[in-house]
1. Between Arg212 and Val28, what length comes free when the chain is fully extended (0.36 nm per residue of separation minus the Cα-Cα distance, one decimal in nm)?
2. Ala480's amide H: which non-local residues (gap 5+, or another chain) put their own amide H closer than 5 Å, with H modeled 1.01 Å from N in plane and none for Pro or chain starts?
3. With runs of 4+ DSSP H residues as the only contributors, calculate the mean residue ellipticity of the chain at 222 nm using -39,500 (n - 2.57) per run, divided by the residue total and rounded to the nearest 500.
4. With r defined as the distance between the Cβ atoms of Gln378 and Trp223 and R0 fixed at 60 Å, what FRET efficiency is calculated, to the nearest 0.05?
5. What spacing in nm lies between the two simple spin-label points modelled at Glu262 and Glu464, each 7 Å away from Cα in the Cβ direction?
6. Once fully extended, how much extra length lies between Arg159 and Arg240, figured as 0.36 nm per residue of separation less the alpha-carbon to alpha-carbon distance?
7. For the range 1-150, take N as its residue count and report Rg(C-alpha) divided by 2.2 N^0.38 Å.
8. Compute the angle between helix 274-289 and the longest alpha-carbon principal axis of the chain, please, reported from 0 to 90 degrees and rounded to the nearest 10.
Amino acid sequence: MCRPVRLRLRGELPFLAGLVLAGLVICVSCRPEGDPDVWWHLAAGRWMVEHRQVPRTDPFSYSAAGAPWIAHEWATEVLLYGLYRAFGLYGLSIYRQVAAAAGAVLLYALCLRAAVHPLLAFAAGAAFVATLAPVFNARPQVLVPVFTLLVLHVLLSHRKGRQRALWWLVPLAVVWVNSHGGFLLLFVVLALYGLHTALVPPPGGLRSSGWRVAPRRALPVAWVGLVAAVACLLNPNGLRGVMYPFTYFTGELGGATRFVNEFLSPNFSHANMSVPLLLIAGSIVFLALAPRAPEIFEVLVLVFCTASFLRWQRMIAVFGAVSLWSIAQALQSRFRWHYQPSGGRGASAMKLSLVLVALVMAAAGMPWTRPPNALIHQASYPEGAVRMAKLNGLRGRLLNTYHFGGYLIWRYYGRRVVFIDGRADVYAGRVLRDYMTLSTGGPGWRAVLRRYNFDWAILDRDSELCERLRLLKDWHVLYADSVAVLLVRDSPENKDVLARWRRGALRQLAPAPLGAPPCGG
């Protein structure tokens, strides 16, 4: 067994290291926004601010006009629009950066509370940012690991003897259910904790035999869970809002999850999955070799989060936080690094230096140090095609690529232009099936094209559907760039536009940076 290693460090190190970690995360997490769904979240927030209510039916598309829509993320969407309205694209960047820093610092603090050495806890917090990369965007889902870590903090406080700490889960459940559908994680983790509480281990711990069950010990956990579940009804959609995560995965909505990339299993051949793969291996190795048997709760949560990530890759950040917490504890148990505060000369200078480092890194990561067009990943959005279509006044029914829909909702706010967008639950059923038939060229795709009577299209340049429309005699390419292609069909709606196109008299775009996309026409 390894001998204890004593590292003499300043007594202020844990707090100051947390500041430095927050500054580091803010610095490295300022990057361009490229997620397609950010824009329909913004449009939803704007709609709610303008109408002072939560929408009950789809207000954005023509293909699903009047279809039921449970806007379960309404609180975060209003927050996002408020930040955008106040600060533009800078506000969206700040939202992402603060969420990432909050997650990293909460993980750091969780490791400290588990008696992990501050430097090892700092490393875990910094590594957490790497697991955020695939889901790091200005969307409500970036708050899920933050809420999950808050739940773990509450449960750790209860384990340390603070019996009333569990009741903090009730207001947290209310906030979470109004912010994101992942609030079910709170109840899953709480159920695992209840199981941990009811199981009384033998003196030898997890790896020994002789376990016994004491259900009465889990009663306080069960009561808190019941009250939190009832409190979740405090949302604009009531019981429908609480049941939304279940309905999303059943019936026709269940088919939507097979279409959304985030709900697919992770592809470990991608570069951004290398860190999670290492974490899976690390969790197995370090938990198996750690001298101290881990608590059953830690094992249950780790197994659940790992299985959830392997099923749905959108769980990567939650899995990353829990696995890093487990690995940090296993390393601490193996190497027994001790944190021993020390004083001495130079303590004030060290404190000042660390504070300055944190401030400099945070300032360097502030989005205001960059021009607005640097905060948008321009290759992700069909801005050129949109500007060309607006400039020439295209009208009628639009056929658009799925991942362009959110951006088109934002750019055409106030008009029902979009055929489909990232709200797969809204289109579940005929619209989603028809889009899949069109996009894959399945049997009857031409009949679907005729049935919807599309007048123009904005399609991904590399899509199969774009290539097929180019070959049709009644479809014409008006504009193309490296992102999207703008096509128009021979129809009465755009007869004048096609006449000008044939004469070579179309209005042409003036060079302009993307910047902050304006709303409406």
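1. Going from the current span to full extension adds 61.4 nm.
2. Leu486
3. Helix-only estimate at 222 nm: -17000 deg cm²/dmol.
4. Numbers: r = 53 Å, r/R0 = 0.88.
Once the sixth-power term is evaluated, E becomes 0.70.
5. Output for this residue pair reads 2.5 nm.
6. Numbers: separation 81, 0.36 × 81 = 29.16 nm, distance 3.37 nm.
25.8 nm is the gain from fully extending Arg159 to Arg240.
7. Numbers: Rg = 19.6 Å, N = 150, 2.2 N^0.38 = 14.8 Å.
Output field value: 1.33.
8. On a 0 to 90 degree scale, this one is about 20.
Here, each number is a calculation from the coordinates, and none is a lab measurement. This structure is a prediction, so every number in the text was calculated from the model and none was measured. In this analysis, Cβ positions are derived from the backbone assuming ideal geometry, glycine residues included, and neighbour counts consider all displayed protein chains.
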